[in-house]
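The values are calculated or read from the model by the stated rules, or taken from the named source; none is laboratory data. Model, not experiment: these values are computed from the prediction. We place every Cβ from the backbone using ideal geometry, glycine too, and count neighbours over all the protein chains shown.
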Amino acid sequence: MAEEKSPLDGKTVMMRSDAAFKKKDPWIPVLRDMYELTMASRNPYTSAHSVDGSMDRQFDSTAPSALVKAANRLMSELVPPEQTWHSLDIGPGLAYRKDVDETAKKTLREALMKTTALTQVVFSSGSFVNSLWEVFIEMLGGVMGCLLVLEAPDDDIEPVSFQCVSQAEIAIEIDGRGKNCGVYRKRSGVKIRNIKELWSDAEIPKDLADELKKANRKDKDPECNLMESTYRIPKSGGKWAYVIHWRKGNNDPVEIVSREYDENPWVIFQWSRMPGSPYGPGPGVLLLPAIRMVNKVREMLIMNAALALSGMYLAKDDDVLNIDNIQIIQGGIIPVGATGGSTGASLVPLPTGRDFNVAQIVLAEEQDTIRKGLFDNGLPDPADGVRSPTEIIERVRELAQDIGGAIGRLTRSLVELVVRVVGILKRRGLVPDVTLDQFNFKVQIKSPLARAQQLQEVQSMLQWWQMVVSLVGPQLAMVFVDVEKFIDWIAERMGVPEFLLRDEADKQQIQQSIAQIVAAQQAAAMPAAAPAALGA
């Protein structure tokens, strides 16, 4: 981290941020609708960020509950809180180098294993678990989930700070190759007195300092709006600038924080990406038509139920009733010229019942679509009949296939997250100085979902091995297959820890011991066989 002026001037940064937010504008109506129908209590697009009256369109709980279940499932199967879901190891650039001996490689692996244990302690903190769950909710229900990972210099217990930031505050910038090259956040309502607490290296402008002094004399707590910009520094070897600007009116922006990081402090989780755009719809956005339909049908069912319960009436216009005070609502009265033969009674009920069986069918179909789209494919009700193991296995396989493409993108984001955390711990002197470039040193994600495709590959290879054994027998099969390499390959695919496997020196020593034992047994059997041969 360097406390110096950022490579770009304030006007250029503001121009790039404005362009990034303008490119996001077409998504805002969709996101506003999605929040209103699924997460109304936290809708960031409401004018006053108020909960009161913001759930007027939410009549069905299928989508909100399925959204929460989907986030819980991702947490438990992609980043299990109580399990080590990642590991650090030497990459192919070191593993296949002949000039690095096996002892040095073993020492590096042991150091990386200790680094993995330390980073897992960081990922086991409550702030990380809560923040990542919020990120998954944002991603599933919108276009992205944004996690800000910063160092907490004054905290030795939790040296890394995790914060989920609403996608309403964020805009992404991409370069000509489609890669993220900038993340911009509009921070509104930041209390001036908290600026030094949020950024200890901040230089508060004189205008803000004077405003705070005046407010203190009047017992007020003034706020300001800031632009938090993160962009890749050109020709810097992948370094990132992190700057905070404040602007008063139409004046030039004033830089109050300037830092430089080796890694991007923002980790963006996205379910999909559209060509030429930094954004892509999550499962919730893709299901928005079904969510709208379910809420509208449910609203009509509720209205029909209210009419059936309270009724609606016909009122005879006989100058007795005050027609101006009559409303057409549940329990209301409709003025008419006559209510029946011979003018009818003064007040009679109006039949309002409707057959809503069709509505129930539509509702059930759309609810089922929402559950499937959000992977709420729980096991069927036992009352519907016993399901075969094949059906249950196919359900699990279908889940892995449905989210297979998204898992690749999420796994890449998790790798960036680990790289960022290791970078912070490295600057604190808590882990060795290694660069996780995925070539010399790599990050492996070994959670259940990330391993699903590799396990299918292992299953295919095991089936091939069984076919070879059935064709030529176990002895001859050893001629065609290097069993030792085959076992190492299976261990790698299944995420077996490196320290549980023997190195080449141990293998050779064991092989020599086995060969000596076999030779001794053969030598012991020869004297007994020799007299029998002579007697014959």
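Computed values, structure above
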| read-out | value |
| --- | --- |
| Pick from the range 46-76, criterion at negative phi and modelled with pLDDT under 70, ranking: surrounded by the fewest Cβ atoms within 10 Å (Cβ to Cβ) | Ser47 |
| Failed criterion for Ile323 (all others in (1) under 23 Å from Arg57 (Cβ atoms); (2) at pLDDT below 70 hold) | (1) |
| Tabulated pairs, the range 393-410, first part of a helix (DSSP H, G or I), second at pLDDT below 70 and not hydroxyl-bearing (Ser, Thr, Tyr), C-beta under 7 angstrom, 6+ apart or interchain | Arg395/Asn377; Leu399/Asn377; Ala400/Ala452; Gly404/Gln453 |
| Among (1) free of Cβ contacts under 8 Å to residues at least 60 places away in the same chain; (2) in contact with a Pro (Cβ under 6 Å, 6 or more places away or on another chain), the one test that Asp210 misses | (2) |
| Failed condition for Leu94, given (1) closer than 19 Å to Val496 by Cα; (2) in contact with a Phe, Trp or Tyr (Cβ under 8 Å, 6 or more places away or on another chain); (3) assigned to a helix (DSSP H, G or I) | (1) |
| Matching residues, the range 101-110, being of a type in the set (A, V, I, L, M) and over 18 Å from Gln438 (Cα atoms) | Ala104 |
| Looking only at the range 448-498, and only at residues there that are at pLDDT 75 or above and among the acidic types (Asp, Glu), the one that is nearest to Ser87 (Cα to Cα) | Asp488 |
| Unique residue being at pLDDT below 65 and under 30 Å from the mean Cα position of the chain (by Cα) when the list is Ile370, Ile393, Ile403 | Ile393 |
| Pairs with Cβ under 9 Å, 6+ apart, first in the range 29-45 and within 16 Å of Asp56 (Cβ to Cβ), second in a helix (DSSP H, G or I) and of a type in the set (S, T, N, Q) | Leu37/Asn295 |
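Residue by residue, here is whether (1) among the polar types (S, T, N, Q); (2) at pLDDT 65 or above holds:
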| position | (1), (2) |
| --- | --- |
| Gln327 | yes, yes |
| Thr352 | yes, no |
| Ala359 | no, yes |
| Asp376 | no, yes |
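Rundown of residues vs (1) outside the structural domain of Ser166 (by TED's automatic domain parsing); (2) under 30 Å from Arg493 (Cβ atoms); (3) outside any loop (DSSP other than H, G, I, E, B), yes/no style:
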{"position": "Ala19", "(1), (2), (3)": "no, no, yes"}
{"position": "Tyr35", "(1), (2), (3)": "no, no, yes"}
{"position": "Met75", "(1), (2), (3)": "no, yes, yes"}
{"position": "Lys98", "(1), (2), (3)": "yes, yes, no"}
{"position": "Arg109", "(1), (2), (3)": "yes, yes, yes"}
